[in-house]
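Below: the structure, in structure tokens.
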Amino acid sequence: MADAKGDEVLAEGQMPLGRWPILSYGVGHMLNDITSACWFTYLLLFLQEIGLAPRDAAIVMLSGQVADGLMTILAGEMIDRFGHFKLWHIGGSILVGISFSSVFGGCLLCTVLGTDSYLVRTIGYSFFAAVFNIGWAATQVNGELHDTEFHKPGSLSKLQKCVHYAYVSIFVGCCFLVVFYAGTKEPTLQSGSDCKKSARISWGYWFKKALYYQVALLYMLARLITNVSQSLIAFYVTRDLKMNEYSKAIIPAIIFCCSFLVSVVLQEIKWNSRRLKSLLTIGAILWVIAGAAVFVLPSQMHNLMYPLAMVIGAANALVMVTTIGLESALVGDDLNGCAFVYGSLSFLDKMSCGIALFVLESYEDSISCGETRGLYTVSRFGTGLIPSCFAVFALLVTSTLKLQDTNPRAAAAALEAPLLV
């Protein structure tokens, strides 16, 4: 009887998904991904361009991260209890679309109150940053964030461009959402043989697993590596390397394109625990090398930033894909209680990133002011040295991983089955 059940699980694991379901699931996070890329890459830069001090811009970012972190826990618990995965996804996507355009479209609270005070601007941007991240969190847990200068012509043009880019990002993301909703079915919580819903896995079950803490730490480190470096790279290339203004778009674009290409290659790999650890190790080593090079790179050799961006893009893909794979390995096939895992891990990610960026930006005025920028600047530390230190820590944690399959035959079939038919 047990063998028959194991064979049944094995047979299910060997059934590959078709192209349409894979395409549909793959684009379900596109709105989040597009807006998140703009959010982490340009939010701090945008807020400082319109007159906010670095510390206050970091407060806006931190408010969003705190709201995001709290929402991931709430959304995870509510989804575990009541299901309705797609309903949460739709609600979160609506909040993302509305709030994202409100942040990059100017201070809506200033318009409503008829004032342009500095305090109102800070509060207004912080509020919509929190709303954006609440919607972002609700969507993520399911799958798995005026100054007087406005009246100057140059700054008004920059604001109009940001509004335009925000609307384009939302439109493209919504197009992908239509594909996602049309091609996916509502997931159901796992049921037993008597067709009754299985008992929900309690929080205490995960807290007793050593693998939970290892995966949580690795996922947090991977997010710190990618998000902290991404948030400060626009400052680094223009202020430290003295590159032209186009580099603010070109360098992040190279990083994202290389990450995408490496991710496509990774999906064709037949995964097992050994390869998962090996590729995570390779990604962390690449980041240690690239981060150290970024930290010491002189402005006279700024052209080397282009190949370094390619290495960073590949390293980002390796660490993120493998840590997300570890999340899946931790959860397994049982959906009962899995939302708590994704929510709690995302909570650690959001809170740590928000605090790290706030601390770094708090030193921006004292360390990075003046015309001459030396080696010890916030953007150099945040783009190069600090992510490298996180990568070294990730290497140490990875060396302690001991992945074991509870059902080796079924797990092997699931890992080695082709993704496309």
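Structure summary
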item	result
Scan of region 116-126 for residues that are surrounded by 15 or more Cβ atoms within 10 Å (Cβ to Cβ) and over 32 Å from the mean Cα position of the chain (by Cα), ordered by number	D116
Boolean, L335 is at pLDDT 90 or above, open to solvent by 50 Å² or more (accessible area, probe 1.4 Å) and more than 14 Å from K277 (Cβ to Cβ)	no
Selection from region 42-65 of residues that are open to solvent by 20 Å² or more (accessible area, probe 1.4 Å), farther than 17 Å from V237 by Cβ and modelled with pLDDT under 85	G51
Positions within region 210-223 being open to solvent by 10 Å² or more (accessible area, probe 1.4 Å) and of a type outside the set (F, W, Y), in sequence order	A210, L211, Q214, L217, M220, R223
Close pairs (8 angstrom Cβ cut-off, 6 or more residues apart or separate chains): at negative phi in region 98-114, among the acidic types (D, E) and open to solvent by 30 Å² or more (accessible area, probe 1.4 Å) anywhere	C107/D116; C110/D116
Only listed residue being at pLDDT 75 or above, open to solvent by less than 20 Å² (accessible area, probe 1.4 Å) and part of a helix (DSSP H, G or I), chosen from G92, G76	G92
Selection from region 293-308 of residues that are surrounded by 14 or more Cβ atoms within 10 Å (Cβ to Cβ) and small (G, A, S)	A293
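The values are calculated or read from the model by the stated rules, or taken from the named source; none is laboratory data. Computed from a predicted model, the values in this text were never measured in an experiment. Ideal geometry is used to build each Cβ from the backbone, glycine not excepted, and the neighbour counts take in all protein chains shown. Side chains are part of the model used for accessible areas, which takes the heavy atoms of the whole protein and leaves out ligands, DNA and RNA. Shrake-Rupley method; radii C 1.70, N 1.55, O 1.52, S 1.80 Å.
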